[in-house]
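Following: one structure in structure tokens, then a few remarks.
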Amino acid sequence: MDNSKLLRALEKNKAQRSQAAEFELQSETKPVREKPRGADIITDLLPQEHRLTRQASLELMPNPDPMSKADMKKNKLVYSGMKNRAVLNAYRELRIKLIEKSTAGSANTNGGNIVVMLTSVDVNSNSILTPMNLAISFALDLNSSALLVDCNPYGSDLQRLVTAPLSVGVTDYLKDRSLGLDRIIYPSGIDRVAVIPAGNETGISVEQFSSQGMEHLIYELKNRYPDRFIVINTPPVLANSEARVLAKFCDQSVITVPYGRASMDAIEDAVEAIGAERVTGVVYQQ
Amino acid sequence: MDPSNIKDLLQSLKMEALRYRYVIAALFIAVSSIVLVAGFMMPKTYSSKVILYADVSNIIGNLLEGQAEITRIDRAKEARDIVFTDRILRSVAIESGFENPDDTIPRLRNGLRISANGDYVEISYRSSNADTAFKVVSAVTQEFIEETSRKKREESRGAFEFIDSQVASYQRQLEAAENRLKEFNSQNIDVTEQSVTNRVNGIKNEIQTLRLSVQDSEARLRSFEAQMLTEPEFLTVERDIEPTSRERRMEAYEEQLAELRLSYRDTHPDIVNLKEQMAVLETQIEQERINNPGRSAVERVENPAMTNLKEMISNERATLSAARQRLTNLNSLLETEYASAETVASKQARLQELTRDYSVTKDVYEDMLKTRENARLSMTLDIEGQGVTYKIHEPPSYPVRWDGLQLVHFAALGPLLGLMLPLGLTGALVLFDPRVRSASYMESQLPAHVQLVTSIPLYNSAVSEVASKRSLILLALLVLLYLAVYGFVVFGASPELISTFLPTL
């Protein structure tokens, strides 16, 4: 069912390619739904010019159990209109810089989606809060959505941050391709933010993440909707190898430095581990 | 450090303090209670002190300034010299009630502090027991004052007795010198050169006069003797006889001749006749005389001049021999005087020596007499307690609190240290821990190819972010409770109670 929805969106975007110049106005006022053309989503690797318009996926994302602002506050998630604007602004700035960075080097200035990997230098931290907030900040834009992929097989606190009950996730999918993508994508309870949990098959996660299947998955996730930003959460880079292997499939890699957790040497080691050319920058977290 | 760094530092401090709140609270409680217990347990020393005033300025002292000798010494040294003797310390130990006086002497000697500021002498003693400190200081004061007055009296008496004995010995010397001088003077009267010269001159004059008179006498004697030779022994006295006719004629002729000669020359015949007649007459008269010698009446008598002369000569001879005898005597006297003039110089020297001896001894003796009177006065002053006396300026104090930090200080110090130590540790952690605690610091330290994308502030306030409010309130309550107990222990409990209570723990 989800697949058909996605296909519908695809079709609709194709139809509106010619109107790309004024899509911003249209997206604000009159989102259009069209039945997608039947096609294989995995193999349908569309060229850049055939990208879907941004508003395509937005209305397709269900949010059956919206999270209340009180819960968001309790979970330390950012939301528009929150009191502590500094935090919100910081995530916004992060978002803007990431997008700027991805568009700076290329001719593509229409602000296509990006895949951002976040990893922490704190070897003891398995919190997914920052990637979640980044995802939310991407989704704050009404014309964008965000998908948080939790690639930390060592137990993150994702379930705590979302309203939907999580079961199978990315590792399960990689092990058994017969699982549909729609099985592993869960609504988060926050508008325009979906999540993919790590799943249960965590034994060989490094190998799974470095596999072609993973590469394909990310490629597909990215290219399915051009307005959907992908945020990948990885376990701490200095303790595990997941971040290193996943960085290869991502557009941007960000290292978070929590307060009082890592020395400058550790930060440099982390940059080194991922590869300096892949690291967009570091984010300091008070 | 720029302001942002300081801000970061403070922020980090706050974060860490919140993070380690339990440790900090525990450290606070532990440190403050350890300090307090240390304050209770600390061996306490009590010190008692007395201030004595060395009273030298009294009425008599002023009246007799410069006359009565009042000894001036370094008060602290004097007091130390007296107090630190074994004898005094032993009696102090006995008076203070120590069980083993001889063993406590070194302890007393170590514990006693004596210092002086001008005429004020301070004696203090430290002990772990307030009673002991007070008793020791009281005993030392008493002993010291007694000892000084006794010593002072003894000193003055000793000085007086010494001077007295010196006076006696000088008196004997003076008497001896006086006697020697007297004896010498009695043996050598007029030993001056002047007197000898005078005497010699006198004798010489006398001798000269005497010689002259001797010569006179001799001359006189010689003339007397010569006169005696010429003077007849008897004188012939002639009686007057009647002239004869011829003689009368003769006389007439002569008158006639004289008259003739007035008118005539001798050749005048008358004159010639006359002369012839006269010559004839003359012859006749002669004839007659030869013929008649008896006719003249001559009588022989003793010569009175002769007798006179004889008398004078014998007188003169006696005088002469007496003068000669006198001359001889004078000469011998002169010889004696010459001999005595030769020894007069040595006698003079001897006299001077004796005189000097005498006068020096006399001077010293007189000085000594004066000094003895001064010493007697000093002694009298000291005996009557009018010399240097130590008065108790500030009586021995009973130490009500121990030396050094009081319990209150410890009580104040405890929480202070309890705060400072964990906060200092936190500060050290922030400053020296290499982990990144500041965005600006991290940015400055990042390699050039890595950039700081952004800095995400805390979602909530630091308090609710790091520490739960409940835990903080609980902690605060705990600390308050602890402080209440602390305050009760400090102010509510007396040290005695605590010290009896502590060992039972």
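The values are calculated or read from the model by the stated rules, or taken from the named source; none is laboratory data. These numbers come from a predicted model, not from an experiment. Here Cβ is always computed from backbone atoms with ideal geometry, including for glycine, and neighbour counts include all displayed protein chains.
Given the criteria closer than 13 Å to A:Gly281 by Cα and in the same structural domain as B:Tyr20 (by TED's automatic domain parsing), does B:Pro447 qualify?
Working: closer than 13 Å to A:Gly281 by Cα: yes; in the same structural domain as B:Tyr20 (by TED's automatic domain parsing): yes.
Yes, satisfied.
Provide a single number: the residues in region A:128-166 that are part of a loop (DSSP other than H, G, I, E, B) and either surrounded by fewer than 20 Cβ atoms within 10 Å (Cβ to Cβ) or not assigned by TED's automatic domain parsing to the domain that holds A:Lys69 (or both). Spell out how you get there, then give the answer.
Going through region A:128-166, the residues part of a loop (DSSP other than H, G, I, E, B) turn out to be A:128, A:141-144, A:151-157, A:162-166.
After this cut, where a residue has to be either surrounded by fewer than 20 Cβ atoms within 10 Å (Cβ to Cβ) or not assigned by TED's automatic domain parsing to the domain that holds A:Lys69 (or both) as well, the list is A:141-143, A:154-155, A:157, A:163-166.
Total satisfying the criteria: 10.
Within region B:162-174, how many residues are surrounded by 13 or more Cβ atoms within 10 Å (Cβ to Cβ) and more than 14 Å from B:Lys370 (Cα to Cα)?
2
For B:Arg295, only one of the following conditions fails: (1) modelled with pLDDT of 90 or more; (2) within 30 Å of B:Pro232 (Cα to Cα). What is its number?
(1)
Would you check which residues across region B:139-161 are within 17 Å of B:Glu373 (Cβ to Cβ) and without any contact (Cβ under 8 Å) to a residue 40 or more places away in the chain and list them?
Residues satisfying the conditions are B:Gly158, B:Glu161.
Do you know which residues across region B:197-238 are without any contact (Cβ under 8 Å) to a residue 12 or more places away in the chain and closer than 15 Å to B:Met312 by Cα?
Going residue by residue through region B:197-238, those that are without any contact (Cβ under 8 Å) to a residue 12 or more places away in the chain are B:198, B:201-202, B:205, B:208-209, B:212, B:215-216, B:219, B:222-223, B:226, B:229-230.
Residues satisfying the conditions are B:Asp216, B:Ala219, B:Arg222, B:Ser223, B:Ala226, B:Leu229.
Looking at this structure, is A:Asp265 farther than 25 Å from B:Asn460 by Cα and within 14 Å of chain B (Cβ to nearest Cβ)?
Considered against the rule, which asks whether it is farther than 25 Å from B:Asn460 by Cα and within 14 Å of chain B (Cβ to nearest Cβ), A:Asp265 comes out as yes.
Quick one: B:Ile313 ticks every box in (1) at pLDDT below 85; (2) part of a helix (DSSP H, G or I); (3) surrounded by 12 or more Cβ atoms within 10 Å (Cβ to Cβ) bar one, so which box is it?
Of everything listed in (1) at pLDDT below 85; (2) part of a helix (DSSP H, G or I); (3) surrounded by 12 or more Cβ atoms within 10 Å (Cβ to Cβ), B:Ile313 misses just condition (1).
Specify which of the listed residues (A:Val193, A:Val237) is within 14 Å of chain B (Cβ to nearest Cβ), touching a residue at least 24 places away in the same chain (Cβ under 8 Å) and of a type outside the set (Phe, Trp, Tyr).
A:Val237
Quick one: how many residues across region A:268-286 are assigned to a helix (DSSP H, G or I) and within 7 Å of chain B (Cβ to nearest Cβ)?
Residues that pass the stated criteria total 2.
Does B:Leu327 satisfy the criteria of being over 30 Å from B:Glu175 (Cα atoms) and touching a helix residue (DSSP H, G or I) at 6+ places or on another chain (Cβ under 9 Å)?
Taking the combined requirement at face value, the residue satisfies it.
Residues being over 16 Å from the mean Cα position of the chain (by Cα) and of a type in the set (Phe, Trp, Tyr): count how many of those fall in region A:194-211.
0
Per-residue answers, yes or no, for (1) in contact with a Phe, Trp or Tyr (Cβ under 8 Å, 6 or more places away or on another chain); (2) not assigned by TED's automatic domain parsing to the domain that holds B:Ile51:
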| position | (1), (2) |
| --- | --- |
| B:Ala345 | no, yes |
| B:Asp357 | no, yes |
| B:Lys362 | no, yes |
| B:Leu377 | no, no |
| B:Leu381 | no, no |
| B:Pro415 | yes, yes |
| B:Leu423 | no, yes |
| B:Gly427 | no, yes |
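Restricting to region A:245-262, and then to whatever is assigned to a loop (DSSP other than H, G, I, E, B) and of a type outside the set (A, V, I, L, M), can you tell me which residue is farthest from the other protein chains (Cβ to nearest Cβ)?
Here the residue is A:Phe249.
Could you grab the pairs with beta carbons closer than 8 Å, sequence gap of 6+ or different chains, first residue in region A:107-127 and over 16 Å from A:Val149 (Cβ atoms), second one modelled with pLDDT under 80 and in a loop (DSSP other than H, G, I, E, B)?
Filtered contacts from region A:107-127: A:Gly112/A:Arg51.
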